[in-house]
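Here's the structure we're looking at; comments come further down.
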Amino acid sequence: MQLAQDTDLDGYLIAPDPAATRLTRPVQGHDQTGAPVDLSVVEERPLTIFLNAQEIVTAMTIGDYPDYLALGFLRNQGMLTADDEITGVDYDEELDTIVVRTARTTNHEDKLKKKTRTSGCAVGTVFGDMMEGLDDVRLPPTPVRTSWLYALAARINRTPSLYLQAGAIHGTVLCQGDQPLVYMEDVGRHNAVDKIAGWMMANDVTADDKILYTTGRLTSEMVIKTAMMGIPVLASRSGFTAWGVEIAQQVGLTLIGRMRGQRFVCLSGETRLIRDIDPSTVPDEGRKSGRKGART
């Protein structure tokens, strides 16, 4: 965990740690002119997740917070329930495995027979029916102040991160009002949001008043995960897919994308927006001010 030490990190409970030695690796190469260059590149390693005695999946991940990733993945897959008693989470770094143990006996053989490859950049996997459990989900009509959205985007974009150091990575941030709380990164946005879900489950954190911010696309997978976590607002710098928008409207999720400078687009939950700030008073984002990884 990187503890808050300056204004960009104030209030974070967990923030990225770009200096962590296991998350990046220095490599040498040459640029377009043939000149030598030194870069930090993101590590990618397998993590095999077990639920009790059953092997569930092997995920490619940067390797931080394996306990939260495992808990969040299993929770978002519907393999763990909110009232499950977790009796142990055992991580073996040498074997790249983690075992989540519960008081009840579990068997998900039928669910594991049906796999869906998601649109995530690291090829995520969803087991069973992607829409399973969504019929009963109705998110609370939590109001969202546009001043919060602008403040969150500005804070998150200037927070030190692996993305800014090495690129090739996605970030997901759990927020409350205009305060970012937990900032997770990974090679796949699905992993980053699963870490958030695992942290919330491990710490018994309520979701009704939270906002989830992601640097990735607002796909069906991201919308479904957010809805299953009970978070009523999902925002991103990136764009939408049609199915993602349709599901957001179905479950009552406030969906906001293309957040850049003064601009954003809301495609679901518009009535919950409280426009308490004039966009013209917000500093615009020039072409050179956008988030870029691996700057030299």
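The values are calculated or read from the model by the stated rules, or taken from the named source; none is laboratory data. Keep in mind that what you see is a predicted model, and the values were worked out from it rather than measured. As a convention, Cβ positions derive from the backbone with ideal geometry for all residues, glycine included, and neighbour counts pool all protein chains shown. The accessibility values were calculated without ligands, DNA or RNA, using every heavy atom of the protein model including side chains. Shrake-Rupley method; radii C 1.70, N 1.55, O 1.52, S 1.80 Å.
Before moving on, here are some points about what is shown:
- Filter pass, Gly244 being in contact with a helix residue (DSSP H, G or I) (Cβ under 6 Å, 6 or more places away or on another chain), in a loop (DSSP other than H, G, I, E, B) and either open to solvent by less than 10 Å² (accessible area, probe 1.4 Å) or modelled with pLDDT of 95 or more (or both): no
- Here is the figure for the stretch 193-217: residues that are more than 14 Å from Leu74 (Cβ to Cβ) and of a type in the set (Phe, Trp, Tyr) total 1.
One line per residue, one yes/no per condition, for (1) at pLDDT 95 or above; (2) closer than 11 Å to Lys195 by Cβ; (3) open to solvent by less than 50 Å² (accessible area, probe 1.4 Å):
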residue: Ala53; (1), (2), (3): no, no, no
residue: Ile62; (1), (2), (3): no, yes, yes
residue: Gln77; (1), (2), (3): no, no, yes
residue: Ala82; (1), (2), (3): no, no, no
residue: Gly88; (1), (2), (3): yes, no, yes
residue: Thr97; (1), (2), (3): yes, no, yes
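- Test: residue in the stretch 191-206 that is within 28 Å of Asp284 (Cα to Cα) and open to solvent by 10 Å² or more (accessible area, probe 1.4 Å): no
- Of all residues in the stretch 269-296, those that are at pLDDT 95 or above and of a type outside the set (Ser, Thr, Tyr) have Cβ atoms under 7 Å from Cβ atoms of residues that are part of a helix (DSSP H, G or I) and surrounded by 10 or more Cβ atoms within 10 Å (Cβ to Cβ), 6 or more apart or on another chain, in Leu273/Thr146; Ile274/Thr146; Arg275/Thr146; Asp276/Thr146; Asp276/Ser147; Ile277/Thr146; Ile277/Ser147; Ile277/Tyr150.
- Qualifying helices (runs of 4 or more DSSP H) (wholly inside the stretch 133-241; at least 2 residues being within 24 Å of Thr102 (Cβ to Cβ)): 189-202, 220-229
- The C-beta contact set for the stretch 89-110 (first residue within 11 Å of Ala70 (Cβ to Cβ), second residue of a type in the set (Asp, Glu), distance under 6 angstrom, 6+ apart or interchain) comprises Val89/Asp67; Val99/Asp90.
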